[in-house]
Amino acid sequence: MFHDAMPGTAEHLAANAPITGYIGFDPTAASLHIGNLATIMLLVHLQRAGHRPVALVGGATGMIGDPSGKSAERNLLDETTLRHNQAGIQTQLEKFLDFSAGPTGALVVNNYDWFKNFSFLEFLREVGKHLTVNYMMAKDSVKRRIGGSEDGGDSSGISYTEFSYQLLQGYDFVHLNKTLGCTLQMGASDQWGNITTGTELIRRLANADEREAKAYALTGQLITKADGTKYGKSETGTVWLDPKLTSPFVFYQFFLNSADADAPRLIRVFTLLSKQEIEAIQAEHDQNPNLKTLQKALAKDVTIRVHSETAYIAAAAASEVLFGKGELSSLSESELIGAFAGLFHLRLPHAETAELNVAVLLSDATDKQILPSRGEARKLIQANGISINGSKLTSPETLVPELPLLHEKYLVVKKGKRDYFLVELV
């Protein structure tokens with residue numbers, strides 16, 4: 001997980017337990033996602049090592065937008081939306097961190113609380129004068145945005161609003177350093193520029209006051225796939241931690257379908273399994289990779305911690321039914337709906353299917369989203385390539401009312417070996 005740290009960080013961690021360290025999360029959505037989970041794990045390890053983790057929810061900075069890793073200006077969110085998002089994020093963090101009282105108990109803070117009454121003139125006098133424009137423009141996140149399209153940047157440039165982001169994040173560190181004695185800021189590697197702005201600001205303010213500055217930076221690696229692409233996206237979009245946005249089944253499947261080249265690293269980043277446990281699982285996996293021992297252990301551990309053991313059991317059962325040898329009838333209605341959350345789920349009026357045959361159902365009635373034509377449907381059915389509710393279709397002329405329904409209204413269509421579609425008759 002480790003990417004880089006300022007000189008002296010390791011010695012500071014070893015000599016000053018417990019120290020306070022923080023990571024910032026911009027509340028631009030009501031839920032955190034898989035990409036955030038890697039940085040959450042940095043806070044988890046910090047607390048497990050005997051230190052105090054602080055999660056900073058950026059109510060103020062979330063109104064502006066971080067230019068790091070972005071090629072264009074972000075839309076600004078209103079305070080009501082941000083407050084809603086903050087509440088959801090804190091609830092999710094409570095699943096990973098111990099918030100009990102004591103020197104290592106986790107805290108959630110909101111930078112809106114110290115910025116809301118900070119006037120523009122005060123900020124320029126107390127903060128802005130301590131960093132030069134040359135220093136701020138040297139940051140990679142800024143250079144990419146002002147370099148122009150020929151240099152790989154964005155020809156539209158960067159607004160003063162986003163340019164000032166690093167000053168705001170830097171002052172967060174100053175504030176937490178003063179009020180909580182926070183001496184460490186962590187984040188993903190693309191945050192290095194913003195984090196070191198904070199350490200530099202603390203150093204310059206300390207020099208101005210003739211006192212010792214203690215501020216350190218540590219970053220983790222961005223989690224990417226073996227081919228170098230960003231990790232955290234599925235075919236249907238972002239993988240969220242909120243079960244309303246990404247069902248536990250889809251979440252479980254995302255990890256279960258990790259490539260063999262990625263799984264050894266992912267199980268080390270996202271789980272708390274010991275080195276010995278992971279090596280034993282990997283050795284078993286290597287004997288027969290088709291059994292996906294590594295991916296199953298990864299998916300089980302993360303699904304339980306993000307959702308619950310009950311959610312894991314249901315997701316694993318649904319996976320066994322859809323992709324193994326289980327019976328579809330064994331799934332409850334909620335498990336069936338959960339399995340198709342984020343996947344194809346089409347609702348059709350029950351009355352309109354009374355005289356439909358399955359060839360029409362699979363093509364015209366479902367807007368050709370299952371099969372492109374009646375002819376293709378007939379061909380695939382005759383080749384034993386279509387099953388409905390676990391039974392192979394033998395005739396394209398079979399009428400829909402002749403099909404057995406799950407929970408009196410569902411048809412689970414399986415095309416080939418892995419493509420599933422849910423048709424609900426309403």
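Each reported figure results from applying straightforward, stated rules to the coordinates on display, with no laboratory input. Source: prediction; values computed, not measured. Every residue, glycine among them, receives a Cβ derived from its backbone with ideal geometry; neighbour counts consider all protein chains shown.
The table below gives the values:
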read-out: Most fluctuating residue given options A315, A261, A87, as computed from a GNM of the chain linking Cα atoms under 10 Å; value: A261
read-out: Global form of segment 345-425, assessed from the alpha-carbon gyration tensor, a/c cut-off 1.5; value: rounded
read-out: Selection from T229, V133, H3 lying farthest towards where the dipole of the chain points positive, charges on Cβ; value: H3
read-out: Partners for K230 among lysines (Cα-Cα distance below 26 Å; same-chain residues under 8 apart left out); value: K70, K95, K139, K143, K244, K275, K292, K296, K300
read-out: Helical contribution to [θ] at 222 nm, DSSP H n ≥ 4, -39,500 (n - 2.57), averaged over the chain, rounded to 500; value: -12000 deg cm²/dmol
read-out: 5 angstrom amide H check on D26, placed H, neighbours 5+ away; value: G58
read-out: Net lengthening on full extension, F323/R268 (0.36 nm per residue, minus Cα-Cα); value: 17.2 nm
read-out: Shape of the chain, Cα gyration tensor, a/c cut at 1.5; value: prolate
read-out: Point-to-point label distance, S189-Y420, nm (Cα→Cβ direction, 7 Å offset); value: 3.6
read-out: Share, in percent, of DSSP beta bridges within the chain that are antiparallel, nearest 5; value: 50
read-out: Projected label distance in nm at A10 and S391, using a 7 Å step from Cα toward the beta-carbon; value: 6.6
read-out: Cβ-derived FRET efficiency at R0 30 Å, S308 paired with A206, nearest 0.05; value: 0.05
read-out: Most mobile listed residue (L328, L245, L121) in the chain, GNM with C-alpha springs under 10 Å; value: L121
read-out: Pair D113, N134: separation of 7 Å Cα→Cβ label points (nm); value: 3.9
read-out: Unit charges on C-beta of K, R, D, E only; dipole of segment 275-411, Debye; value: 280
